[in-house]
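Worksheet: the structure to be examined is printed underneath.
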Amino acid sequence: MTPTNIIDAGDVLVVGAGLAGLYTALKLSHRPVTLIASAGTRKGSSSFWAQGGIAAAIGSDDSPALHAEDTIKAGDGLVDETIAALLAHDAADRLQDLVDFGVPFNKDQNGDLALGREAAHQRNRIAGVSGDRAGREIMKCLGRLAESSPSINMLSGFSAYELAIEDGRVVGVFTDTGKHPFGVTLIKARAVILACGGSGYLYATTTNPEFSNGAALAMAARAGATIADPEFVQFHPTAIHGMGDPAPLATEALRGEGAKLVNAQGAAFMSAYHADAEMAPRDIVARAVFDEIKKTGSVGLDLRGHIAETLDDRFPTVAAYCKEGGVDPRLSPIPVAPAAHYHMGGIKVDQNGRTSLPGLWACGECASTGAHGANRLASNSLLEALVFGARIAEHIDFTVPVRAASSPQPPKLAPNTTIQQVMPAMQKLRDCMARHVGVVRTREGLEEAFRQLLRLERIASGTPDLSNMVVTSLMITAAAYQREESRGSHFRSDFPQKNAIAERSTLTLDAARAIASKVYAGAYDEDYEAEQYNKEKATDQLTA
């Protein structure tokens with residue numbers, strides 16, 4: 001597609017304005033940086049909604065070695081131990097960066113950082129902000145700093161959908177400026193950093209906003225990048241059920257304070273699933289909640305007693321959700337269900353955040369560093385974005401000489417109607433992923449997911465948002481189909497045991513397409529699929 005506008009972003013282009021993008025841009029702010037975002041620096045990213053905080057071994061009874069040990073254990077055999085050690089070692093310095101930036105972390109009575117505990121941590125090491133408002137407070141602080149920095153040029157309203165490649169090197173991104181037909185803008189730079197979030201919105205039930213739609217992974221995969229561990233999608237066990245899309249979250253810290261999960265009969269059940277009960281790893285808790293909902297009809301998080309009485313002060317975000325949804329946690333449990341929350345897989349990167357494509361780095365949830373393995377340890381996600389954002393900034397400083405400052409100006413934008421126009425097809429994709437590639441997976445379900453994704457891919461032709469959602473969904477499904485075992489967040493009921501040898505998965509888009517094609521070799525009825533496509537298209541036109 002020929003761009004109608006070309007913007008020279010100069011030195012460094014950061015795609016995404018969540019924590020990973022903002023922090024990396026600030027670490028590079030001694031040189032010209034252009035940061036583009038679909039929805040500004042506030043609620044458009046998953047970082048804004050993070051409740052728990054940042055894990056760092058700074059307590060007197062703690063150490064980076066213990067933090068690394070917990071990270072490795074939670075990752076169920078697939079964590080890169082060198083990366084885990086690096087993550088834990090750098091945590092204190094990165095936390096101090098945020099303190100220096102002015103983030104108002106919770107303090108104890110001595111004026112030190114107050115440290116909470118979450119599931120699968122041996123020690124209290126979670127630094128929170130304003131009770132359960134870590135994400136929004138950190139984002140507010142970093143957003144203000146980035147917006148006021150003279151060397152950071154903010155371009156809002158751009159939605160990147162494809163990488164620009166010249167002579168085998170990534171030189172920028174193609175963006176949709178919201179016009180229809182698409183007003184294509186090519187934004188070029190000498191170093192490109194993808195920091196545009198995860199893939200949770202591919203699922204019908206998720207805690208992620210609509211911009212977490214797998215675009216970064218799809219862009220990189222389409223350009224030929226290696227993708228690592230895409231089958232590992234973490235489902236948070238306690239999304240508040242029935243309160244919107246995305247689903248609000250009842251933070252894990254509530255269980256750390258003693259909240260109990262109860263089924264429809266009011267019985268606590270977690271001790272039957274794991275010795276650590278409510279503080280078991282997230283994948284185990286999510287499957288237990290999923291199982292109890294199937295058995296009894298519903299699950300609730302019981303805060304009755306001292307937690308509910310102090311909820312307004314200690315967990316104001318959860319308190320606000322309860323009031324909005326008409327739930328009084330002093331009288332009854334909060335209804336909860338598992339929801340797609342975090343993607344452990346992503347664009348494969350090295351210790352400096354470099355992808356397999358020259359000129360391209362990746363940071364945050366869209367990257368796969370090897371730190372999370374099969375199941376992310378709670379509150380390691382924001383930490384990973386900080387640690388690798390700093391390492392990317394250092395590596396770019398070392399390898400990309402500074403060029404004269406550039407101040408690109410965006411074209412005038414029109415209202416974006418793209419999402420609304422393809423919403424029926426997007427909803428079919430999200431329903432497919434939730435039903436067939438969700439908390440519990442089977443061969444038959446994954447094969448059905450392939451069938452539906454192949455059909456959606458035809459519908460998606462020429463539509464950037466939907467096309468990228470299909471590509472990332474296909475990568476997740478192909479890796480899940482190949483992994484014939486259950487490990488961490490990936491559970492195959494037809495292969496419930498772990499393999500003796502733990503192996504990370506790596507995949508390219510060509511390989512994923514080959515897997516899908518092999519599954520349907522000789523079974524794909526072109527006439528039938530064309531007929532179904534025409535029926536669905538007619539239905540969508542009537543209901544759009």
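The values are calculated or read from the model by the stated rules, or taken from the named source; none is laboratory data. Just so we're clear, the structure is a prediction, and the values are computed from it rather than from any experiment. Cβ sites come from the backbone with ideal geometry, for glycine too, and all protein chains shown count toward neighbours. Side chains included, ligands, DNA and RNA excluded: accessible areas come from the protein's heavy atoms. Shrake-Rupley method; radii C 1.70, N 1.55, O 1.52, S 1.80 Å.
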Listed by first then second residue, the pairs whose first member lies in segment 277-294 and is closer than 17 Å to residue 340 by Cβ, whose partner is open to solvent by 30 Å² or more (accessible area, probe 1.4 Å) and among the β-branched types (Val, Ile, Thr), with beta carbons under 9 Å and at least 6 positions apart or on separate chains, are 287/440; 290/440
Quick count over segment 356-376, residues being open to solvent by less than 20 Å² (accessible area, probe 1.4 Å), polar (S, T, N, Q) and in contact with a strand residue (DSSP E or B) (Cβ under 7 Å, 6 or more places away or on another chain), is 2
For segment 324-339 the number of residues that are open to solvent by 20 Å² or more (accessible area, probe 1.4 Å), assigned to a loop (DSSP other than H, G, I, E, B) and not polar (S, T, N, Q) is 6
Within segment 299-317, restricting to residues that are in contact with a strand residue (DSSP E or B) (Cβ under 6 Å, 6 or more places away or on another chain) and hydrophobic (A, V, I, L, M, F, W, C), the one that is surrounded by the fewest Cβ atoms within 10 Å (Cβ to Cβ) is 301
Considering segment 141-165, residues that are touching a Gly at 6+ places or on another chain (Cβ under 7 Å) and under 26 Å from residue 359 (Cα atoms), and then whichever is most open to solvent (accessible area, probe 1.4 Å), we arrive at 156
Log entry, pairs with first residue in segment 439-455 being of a type in the set (S, T, N, Q), second being outside any helix (DSSP H, G or I), beta carbons closer than 8 Å, six or more apart or on different chains, reads 442/492; 442/493; 442/494
Picking from 321, 342, the residue that is closer than 27 Å to residue 205 by Cβ and assigned to a helix (DSSP H, G or I) would be 321
| query | Scanning for something modelled with pLDDT of 85 or more, in contact with an Asp or Glu (Cβ under 9 Å, 6 or more places away or on another chain) and charged (D, E, K, R), does segment 510-525 turn up at least one residue? | reply | no
Of the residues in segment 94-110, those that are in contact (Cβ under 8 Å) with a residue 40 or more places away in the chain and of a type in the set (Asp, Glu) come to 97
Within segment 257-275, the residues that are out of contact with any His (no Cβ under 9 Å at 6 or more places or on another chain) and of a type in the set (Gly, Ala, Ser) are 259, 264, 266, 267, 268, 271, 272, 275
- prompt: Does segment 97-109 contain any residue that is assigned to a strand (DSSP E or B) and within 24 Å of residue 313 (Cα to Cα)?
  reply: yes
If we keep only residues of segment 127-140 that are touching a helix residue (DSSP H, G or I) at 6+ places or on another chain (Cβ under 7 Å) and open to solvent by less than 10 Å² (accessible area, probe 1.4 Å), then the residue modelled with the lowest pLDDT is 132
The one condition residue 296 fails out of (1) in contact with a strand residue (DSSP E or B) (Cβ under 7 Å, 6 or more places away or on another chain); (2) open to solvent by 10 Å² or more (accessible area, probe 1.4 Å); (3) of a type outside the set (Phe, Trp, Tyr); (4) closer than 22 Å to residue 76 by Cβ is (4)
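Residues are listed down the side, and each one gets a yes or a no for (1) in contact (Cβ under 8 Å) with a residue 60 or more places away in the chain; (2) in a helix (DSSP H, G or I); (3) of a type in the set (A, V, I, L, M, F, W, C):
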{"residue": "163", "(1), (2), (3)": "yes, no, yes"}
{"residue": "197", "(1), (2), (3)": "yes, no, no"}
{"residue": "208", "(1), (2), (3)": "yes, no, no"}
{"residue": "213", "(1), (2), (3)": "yes, no, no"}
{"residue": "217", "(1), (2), (3)": "yes, yes, yes"}
{"residue": "239", "(1), (2), (3)": "yes, no, yes"}
{"residue": "246", "(1), (2), (3)": "yes, no, no"}
{"residue": "251", "(1), (2), (3)": "yes, no, no"}
For segment 338-355, pairs from a residue that is in contact (Cβ under 8 Å) with a residue 60 or more places away in the chain to a residue that is part of a loop (DSSP other than H, G, I, E, B) and of a type in the set (S, T, N, Q), with Cβ under 6 Å and 6 or more apart or across chains, are 339/205; 339/207; 341/207; 343/199; 347/355; 348/226
Test result for residue 455, under 15 Å from residue 230 (Cα atoms), among the basic types (Lys, Arg) and either open to solvent by 10 Å² or more (accessible area, probe 1.4 Å) or at pLDDT below 95 (or both): no
How many residues of segment 63-107 are farther than 30 Å from residue 505 by Cβ and of a type in the set (D, E, K, R)? The answer is 4
inquiry  = Whether any residue in segment 464-487 is open to solvent by 40 Å² or more (accessible area, probe 1.4 Å) and of a type in the set (Ser, Thr, Tyr) is what I want to check.
reply    = no
- Query: among the acidic types (Asp, Glu) and open to solvent by 30 Å² or more (accessible area, probe 1.4 Å) - does that describe any residue in segment 166-177?
  - Reply: yes
(request) Looking only at segment 100-113, decide whether some residue is among the polar types (S, T, N, Q) and within 23 Å of residue 24 (Cα to Cα). (result) no
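For (1) under 21 Å from the mean Cα position of the chain (by Cα); (2) buried (at least 24 other Cβ atoms within 10 Å of the Cβ); (3) closer than 21 Å to residue 341 by Cα, each residue gets a yes or a no:
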| residue | (1), (2), (3) |
| --- | --- |
| 193 | yes, yes, no |
| 197 | yes, yes, yes |
| 208 | yes, yes, yes |
| 213 | yes, yes, yes |
| 220 | yes, yes, no |
| 237 | yes, yes, yes |
| 247 | yes, yes, yes |
| 257 | no, no, no |
| 264 | no, no, no |
Subject >> Qualifying residue in segment 277-293 (condition: outside any loop (DSSP other than H, G, I, E, B), among the aromatic types (Phe, Trp, Tyr) and farther than 25 Å from residue 125 by Cβ) >> reply: yes
